[in-house]
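Scroll down for the structure; my scribbles are underneath it.
The values are calculated or read from the model by the stated rules, or taken from the named source; none is laboratory data. No experiment lies behind these values; they were computed from the predicted model shown. So basically every Cβ, Gly included, is an ideal-geometry build from the backbone, and we count neighbours across all protein chains shown.
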Amino acid sequence: MVNISAVIITFNEEKRIGRCIDSVRKVADEVVVVDSFSQDRTREICLAKGVTFVEHPFTGFTAQKKFSVTQAAHHYILALDADEYLSPELEQSILQIKSNWTADAYDFNRLNSYAGKWIKSSGWYPDRKIRLWDRRKGNWAGGKVHETVTMQSGAKKATLKGDLLHEAYQNASQLIRKMQLQYADLYAEEHAFRKTVTPFKIFYKTVAAFFKSYVLNGGIFDGYEGLLISGSNANGVFYKYAKLLERNRSLKLSLIITTNETAALQKIFQSLKTQTVLPDEVVTQKLTGEQRDVVKAYQESLAISFVQSDDDNMLSGATEEYVLWIEGPADLSEETIALHKQYARKDKALVDGRSKKGTMISFWRDEAGAGAPDTAKPWIEHLKQRSVSFYELKKGVWGYGVNRTSAPDIN
């Protein structure tokens, strides 16, 4: 006979947490609730039912659920959300395997409801999940959204009869709010500068999501509810990609110029006047009086911030999240700033292969980590040691693109 810990995460779940706890009483030897500082009666209800109640800040679904597993006294975990509860058939299935545990993980179907109606179309069923497992063989994985239990290689899995009942949404407002606000925001945050998205991608992903849900997954046979759910699924896809596109376009860039030649400095500043997208700030090394006059002349015509680094540690003078470093004289096309922002991706540094003079490289300031140096050459070595990949930005037959390359040689 194995001992099972039921773990539940909550936030303002006073209306549903009681039912969830009651549904696992017969199968669980312990019930642990991890709460994100609810403002309603969730805590009061949980303590009245004698569960272990832990408050923990919410930083994402995966992180919260991982934390809940660590709070369990037993290795065998039954994980539920507060709006879920066991069907009688699933309860009996779990009771049977408690005395005959033969797998490392068990999955079962999840049956979702909308406004009290159980939905088996639109991709909502069988919605099979691993929710009962040996935590020594697996754990929650994923990003801030769409978390799943992932088992170790070779772990044995089995399926239980019965449904995990999920009271998903009561009305259209709840459904749309969760898709548009909660999931879309978390998706954009998780994938910012890691996934490429275009307006056309938003369009075809949205259309495909509706067609899959309404036609391929049978939403058309579920009347109004099937239409609403399919439309909401498409709506969620639209907003998660739209918000990701906006986040990718919101990148702030510091342009660092290292040349000590007045003519080269003037040429770079002249090219800034023709850029389709301007940097958010320009950082220069310590300048001569003549060079300061050059900067002042352009500062009046360009609505951007200029910073002069007195000690030549220009990286420490930059304040934006992304840096374009120009080493020596360089040729800037009118799209240089725009292209470096467009192709900026986490874990990648971009080497501009179009410049015949000098070196242009862009990278993330936060990817060098603690103790990073303040000058370009040791910074690049630091990035290499932290497994940041270098990609060359250049124009090909079908337009601009990036390809893997080696780190630039900066003297």
Mind counting the residues in segment 113-142 that are buried (at least 20 other Cβ atoms within 10 Å of the Cβ) and under 28 Å from residue 171 (Cβ atoms)?
5
Regarding segment 98-106, can at least one residue be identified that is loosely packed, with under 15 Cβ neighbours inside 10 Å and closer than 24 Å to residue 19 by Cα?
no
Scan segment 212-232 and tell me whether some residue there is assigned to a helix (DSSP H, G or I) and under 23 Å from residue 364 (Cα atoms).
no
Six or more apart or on different chains, Cβ under 9 Å: which pairs go from a residue in segment 293-312 that's in the same structural domain as residue 266 (by TED's automatic domain parsing) and exposed (fewer than 10 other Cβ atoms within 10 Å of the Cβ) to one that's of a type in the set (A, V, I, L, M) and in a loop (DSSP other than H, G, I, E, B)? Could you list them?
303/278
Out of the residues in segment 1-22 meeting the condition of being more than 11 Å from residue 82 (Cβ to Cβ) and crowded, with 16+ Cβ neighbours inside 10 Å, tell me which one is nearest to the chain's Cα centre (by Cα).
7
Could you tell me which of the residues 62, 42 is touching a helix residue (DSSP H, G or I) at 6+ places or on another chain (Cβ under 7 Å), surrounded by 17 or more Cβ atoms within 10 Å (Cβ to Cβ) and of a type outside the set (A, V, I, L, M, F, W, C)?
42
Output the residue which, of all residues in segment 202-234 that are more than 27 Å from the chain's Cα centre (by Cα), surrounded by fewer than 20 Cβ atoms within 10 Å (Cβ to Cβ) and not hydroxyl-bearing (Ser, Thr, Tyr), is farthest from residue 180 (Cα to Cα).
221
Matching entry among 297, 264, 303 (being of a type outside the set (D, E, K, R), out of contact with any strand residue (DSSP E or B) (no Cβ under 6 Å at 6 or more places or on another chain), at pLDDT below 90 and closer than 14 Å to residue 330 by Cβ):
264
Residue check: is residue 361 assigned to a helix (DSSP H, G or I), at pLDDT 85 or above, of a type outside the set (Gly, Ala, Ser) and touching a Pro at 6+ places or on another chain (Cβ under 9 Å)?
no
Are any residues in segment 164-178 farther than 23 Å from residue 79 by Cβ and part of a helix (DSSP H, G or I), and if so, which ones?
172, 173, 175, 176, 177
